[in-house]
Amino acid sequence: MDDPSLAPDALLAAYAEGGFPMDEAGARGAVGLYTCDPRGVIPIDGFRVPRSVARALRSRPYAIRVDAAFAEVATACAGPRLGGEWLTPRLVEAYVRLHRAGWAHSVEAWDGDGLAGGLFGVALGGLFTSETMFHRAPDAGSAALVGAARLLADAGFALWDIQMTSPHTRRFGAVAIPPEEYLRRLAAALAVRPRPLAGPGPTAG
């Protein structure tokens, strides 16, 4: 690892101050750190499951697991996306190091022995950040989102940061808040000591 900005301590310090990393394909030197105005969050106690998603997950339930395949989830989330490639190989490696150190976690939707979808993020105090998600089967990404909501609530997390809202996440209750409000909630969340995320978790459905 040549870039000190990708060291676990440096990334954790960025999250604790309200920033998050985004890279560019082929970039060299320090990884870029960003903030959002407004900031997207999902209220843990205000999470809702759209009726169409609930119906789909009842007809095709997925088993939810935590950290069973973190590196595979992070790799599946990487690569070119709409707006460019921000989760580059070196940033995936940095998140894998955070995972090995106990700070980053994946929530996965499994169909039998196959990984169907998932998301990953960083847990720091009572903060959990959803960095990005993927799916290989219908509604598997939504299943991971529903599973994460249950796990975060059960563990006592205080703040679920998704950085930017989208039409998809707004269906689940995501809202955009001013930066100063986010920093206020972040400070409170960092003082929280939740229980560890459990795994394997529930069945999404």
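The values are calculated or read from the model by the stated rules, or taken from the named source; none is laboratory data. Owing to the predicted nature of the structure, the values given are computational and were not obtained by experimental measurement. Here the Cβ is made from the backbone with ideal geometry for all residues, glycine too, and neighbour counts use every protein chain on show. Accessible surface is based on the protein model in full, side chains and every heavy atom, while ligands, DNA and RNA are left aside. Shrake-Rupley method; radii C 1.70, N 1.55, O 1.52, S 1.80 Å.
From the set of residues in region 2-53 that are more than 18 Å from the chain's Cα centre (by Cα) and at positive phi, which is modelled with the highest pLDDT?
Once the filter is applied, the top-ranked residue is G29.
Restricting to region 1-22, count the residues that are aliphatic (A, V, I, L, M) and assigned to a loop (DSSP other than H, G, I, E, B). Steps first, please.
Let us first name the residues in region 1-22 that are aliphatic (A, V, I, L, M), namely 1, 6-7, 10-14, 16, 22.
From what's left, assigned to a loop (DSSP other than H, G, I, E, B): 1, 7.
Matching residues across region 1-22 total 2.
Considering each residue of region 1-11, count those that are closer than 17 Å to F128 by Cβ and open to solvent by 20 Å² or more (accessible area, probe 1.4 Å), and give that number. Show your work before the answer.
Just the residues of region 1-11 that are closer than 17 Å to F128 by Cβ, to begin with: 8, 11.
After this cut, where a residue has to be open to solvent by 20 Å² or more (accessible area, probe 1.4 Å) as well, the list is 8.
Counting residues in region 1-11 that are closer than 17 Å to F128 by Cβ and open to solvent by 20 Å² or more (accessible area, probe 1.4 Å) gives 1.
Hey, could you check region 28-45 for residues that are of a type in the set (G, A, S) and touching a strand residue (DSSP E or B) at 6+ places or on another chain (Cβ under 8 Å) and say which is surrounded by the fewest Cβ atoms within 10 Å (Cβ to Cβ)? Give the steps one after another, and end with the answer.
Within region 28-45, the subset of a type in the set (G, A, S) is 29-30, 32, 40.
Now drop any that are not touching a strand residue (DSSP E or B) at 6+ places or on another chain (Cβ under 8 Å), which leaves 32, 40.
Numbers: G32: 14, G40: 20.
So, considering only residues that are of a type in the set (G, A, S) and touching a strand residue (DSSP E or B) at 6+ places or on another chain (Cβ under 8 Å), the one surrounded by the fewest Cβ atoms within 10 Å (Cβ to Cβ) is G32.
Among (1) in contact (Cβ under 8 Å) with a residue 60 or more places away in the chain; (2) open to solvent by 10 Å² or more (accessible area, probe 1.4 Å); (3) out of contact with any Lys or Arg (no Cβ under 8 Å at 6 or more places or on another chain), where does A144 come up short?
Failed condition: (2).
With respect to A25, determine if the residue is surrounded by 14 or more Cβ atoms within 10 Å (Cβ to Cβ) and either in contact (Cβ under 8 Å) with a residue 12 or more places away in the chain or part of a helix (DSSP H, G or I) (or both). Step through it out loud before you land on a result.
Numbers: surrounded by 14 or more Cβ atoms within 10 Å (Cβ to Cβ): no; either in contact (Cβ under 8 Å) with a residue 12 or more places away in the chain or part of a helix (DSSP H, G or I) (or both): yes.
Criteria not met by A25.
Taking the stated definitions as given, is E108 at pLDDT 95 or above, out of contact with any Ser or Thr (no Cβ under 9 Å at 6 or more places or on another chain), among the acidic types (D, E) and not in a helix (DSSP H, G or I)?
On the way: at pLDDT 95 or above: yes; out of contact with any Ser or Thr (no Cβ under 9 Å at 6 or more places or on another chain): yes; among the acidic types (D, E): yes; not in a helix (DSSP H, G or I): yes.
So E108 fits the description; yes.
Could you check region 46-87 and list, in sequence order, the residues that are among the basic types (K, R) and crowded, with 19+ Cβ neighbours inside 10 Å? Don't jump to the end; show me each part of the working.
Here is the first cut: in region 46-87, the residues among the basic types (K, R) are 48, 51, 55, 58, 60, 65, 81.
The answer is R65, and nothing else.
Can you find even one residue in region 88-106 that is among the polar types (S, T, N, Q) and either open to solvent by 70 Å² or more (accessible area, probe 1.4 Å) or free of Cβ contacts under 8 Å to residues at least 24 places away in the same chain (or both)? Full working, then the answer.
Quick first cut of region 88-106, residues among the polar types (S, T, N, Q) only: 88, 106.
Going one step further and asking which of them are either open to solvent by 70 Å² or more (accessible area, probe 1.4 Å) or free of Cβ contacts under 8 Å to residues at least 24 places away in the same chain (or both), we end up with none.
Checked against the condition, which is being among the polar types (S, T, N, Q) and either open to solvent by 70 Å² or more (accessible area, probe 1.4 Å) or free of Cβ contacts under 8 Å to residues at least 24 places away in the same chain (or both), region 88-106 yields no hits at all.
Given the criterion under 20 Å from F47 (Cα atoms) and within 16 Å of the chain's Cα centre (by Cα), identify the matching residue among L159, L98.
On the way: L98 fails: under 20 Å from F47 (Cα atoms).
Being under 20 Å from F47 (Cα atoms) and within 16 Å of the chain's Cα centre (by Cα) holds for just one of L159, L98, which is L159.
Kindly provide the set of residues from region 155-205 that are at pLDDT 95 or above, open to solvent by 50 Å² or more (accessible area, probe 1.4 Å) and in a strand (DSSP E or B), ordered by number.
If the condition is that a residue be at pLDDT 95 or above, open to solvent by 50 Å² or more (accessible area, probe 1.4 Å) and in a strand (DSSP E or B), then V175, A176 are the ones that fit.
Of the conditions (1) open to solvent by 40 Å² or more (accessible area, probe 1.4 Å); (2) of a type outside the set (A, V, I, L, M); (3) modelled with pLDDT of 95 or more, G117 clears all except one; give me its number.
(1)
Go through (1) part of a helix (DSSP H, G or I); (2) over 22 Å from L152 (Cβ atoms) for W86 and report which single condition fails.
(1)
Got at least one residue in region 64-82 being assigned to a loop (DSSP other than H, G, I, E, B), farther than 21 Å from A149 by Cα and either among the acidic types (D, E) or touching a residue at least 40 places away in the same chain (Cβ under 8 Å) (or both)?
Step one: list which residues in region 64-82 are assigned to a loop (DSSP other than H, G, I, E, B), which gives 67-69, 78-80, 82.
Those still in the list that are farther than 21 Å from A149 by Cα too: 78-80, 82.
Narrowing further to those that are either among the acidic types (D, E) or touching a residue at least 40 places away in the same chain (Cβ under 8 Å) (or both): 80.
Yes, some residue in region 64-82 is assigned to a loop (DSSP other than H, G, I, E, B), farther than 21 Å from A149 by Cα and either among the acidic types (D, E) or touching a residue at least 40 places away in the same chain (Cβ under 8 Å) (or both).
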